[in-house]
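**Q** Structure below; questions to follow.
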Amino acid sequence: MLAVKQDRDRAAFARLFDFYAPRLKGFVMRSGVSAAQAEEIVQEVMLTVWRKAHLFDPHRAQVSSWIYQIARNRQIDVLRKESRPMPEELSEELKDGGSPQEDASQIMAVEQEAQTLRMALARLKPGQREMVEKAYLGELSHSEIQAETGLPLGTIKSRIRLGLEKLRHELKELRADD
């Protein structure tokens, strides 16, 4: 890893890849991810290892710990992204079930919730609002937000966490006002 970090040594990276890729694939697959998706995650993890090698600090973590942490974070990003309902799925649910009257009341309720959410989002600090919107409305993973904004991953996560806490508080207040 030090050769990759210091000299951008491709042969050293190839050895790292050969050693860790199968282990990472097994690690990722144990959480129920398909083999194809696990391979994709491993490719992204190893690409991140290559790109972020300069950030590796042997005094803070072992190589394996550092690489497995990157894998774990990437896997969480993928699972989060997959668990969000797609807008098309939501509209199909409205079309498939319920009477027109139920649909109208559901639509009104959703519109009212959306308005309440917009008001709460407007009260966030601009940096927090941007990160929350990118993560939840734009469906970007933390690493995609990092690539897009250039901000450190810790800053992105902190802004999202603080923004969500503030949103919870704002939504509670807005609902109490109704």
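**Q** Pull up the cross-link candidates among the lysines for K134, meaning alpha carbon to alpha carbon under 22 Å and not fewer than 8 places away within one chain.
**A** Excluding near neighbours in sequence, the set is K81, K125, K157, K166.
**Q** Evaluate the Kirkwood expression for the hydrodynamic radius of the stretch 29-73, namely the inverse of the mean inverse distance over all pairs of different C-alpha atoms, and round to one decimal in Å.
**A** Here the Kirkwood hydrodynamic radius works out to 11.2 Å.
**Q** Another one. How do M131, M1 rank by accessible surface area computed with a 1.4 Å probe, from largest to smallest?
**A** Result of the area sort, largest leading: M1, M131.
**Q** May I pose another question? Which distance in Å, rounded to a whole number, links the C-alpha centroids of the stretch 1-59 and the stretch 128-178?
**A** Between the Cα centres of the stretch 1-59 and the stretch 128-178 lies a distance of 28 Å.
**Q** Rank these by accessible area, largest first, 1.4 Å probe: T48, T116.
**A** Ranked list, largest accessible area first: T48, T116.
**Q** Could you compute how much accessible surface S158 exposes when probed at 1.4 Å, giving the result in Å² to the nearest 10?
**A** Its heavy atoms expose roughly 50 Å² to the probe.
**Q** While we're looking at this one, here's another question. Just need the relative contact order of the stretch 26-85 here, percent rounded to a whole number, with Cα pairs under 8 Å and 6+ apart.
**A** About 40 percent, as a whole number.
The values are calculated or read from the model by the stated rules, or taken from the named source; none is laboratory data. Source: prediction; values computed, not measured. Remember, those area values only see protein heavy atoms, side chains included, never the ligands or the DNA or RNA. Shrake-Rupley method; radii C 1.70, N 1.55, O 1.52, S 1.80 Å.
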